[in-house]
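Everything below concerns the one structure shown next.
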Amino acid sequence: MITGGVEMPEGLTKGTYIRPTIFADVTNDMTIAQEEIFGPVLCMIPFKDEAMRLANDTIFGLSSGVWVADGDIGHGKILVRRLRAGLCYINGGNFNYDAPFAGFKQSGNGRE
């Protein structure tokens, strides 16, 4: 863990919250990389050329995102088609309320 943790975020005194947390040097075989964490947690997994394999190497697939150079959205569309996840964002795009919502694998239970 390089920042964050289980302490309450500043300005909050009640509720069940954690600070935004970042873990570095995570490997894909670690529990934290394989389980869905519903919170402000980021796991940084170093890689060379196997990004798609790492992204799809999970039993879950609720949503995903890719970031590409400005003007290269076509390449982003090619990448998201290879991801086994329900929602696939390109460069942090907005949620599309008109699109069907569902996950892949053990995330979700069919199309809405």
- Message: Just to be sure I understand the filter: pairs with C-beta atoms under 8 Å, separated by 6 or more residues or on different chains, first member in the range 5-29 and on the phi > 0 side of the Ramachandran plot, second member surrounded by fewer than 10 Cβ atoms within 10 Å (Cβ to Cβ). Which pairs pass?
- Response: Asp25/Pro46
- Query: Can you pull out the helices (runs of 4 or more DSSP H) entirely within the range 1-86 that have at least 1 residues that are surrounded by 11 or more Cβ atoms within 10 Å (Cβ to Cβ) and aromatic (Phe, Trp, Tyr)?
  - Reply: none
- Query: Only one residue in Gly39, Gly71 is of a type in the set (Gly, Ala, Ser) and in the same structural domain as Asn94 (by TED's automatic domain parsing), so which one is that?
  - Reply: Gly71
- Of the criteria (1) closer than 26 Å to Gln34 by Cβ; (2) of a type in the set (S, T, N, Q); (3) in a loop (DSSP other than H, G, I, E, B), which one Asn96 fails: (1)
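The values are calculated or read from the model by the stated rules, or taken from the named source; none is laboratory data. Please read all numbers here as calculations on a predicted model, not as lab measurements. Methodologically, a virtual Cβ is constructed for each residue, glycine included, from the backbone with ideal geometry; neighbour enumeration extends over all protein chains shown.
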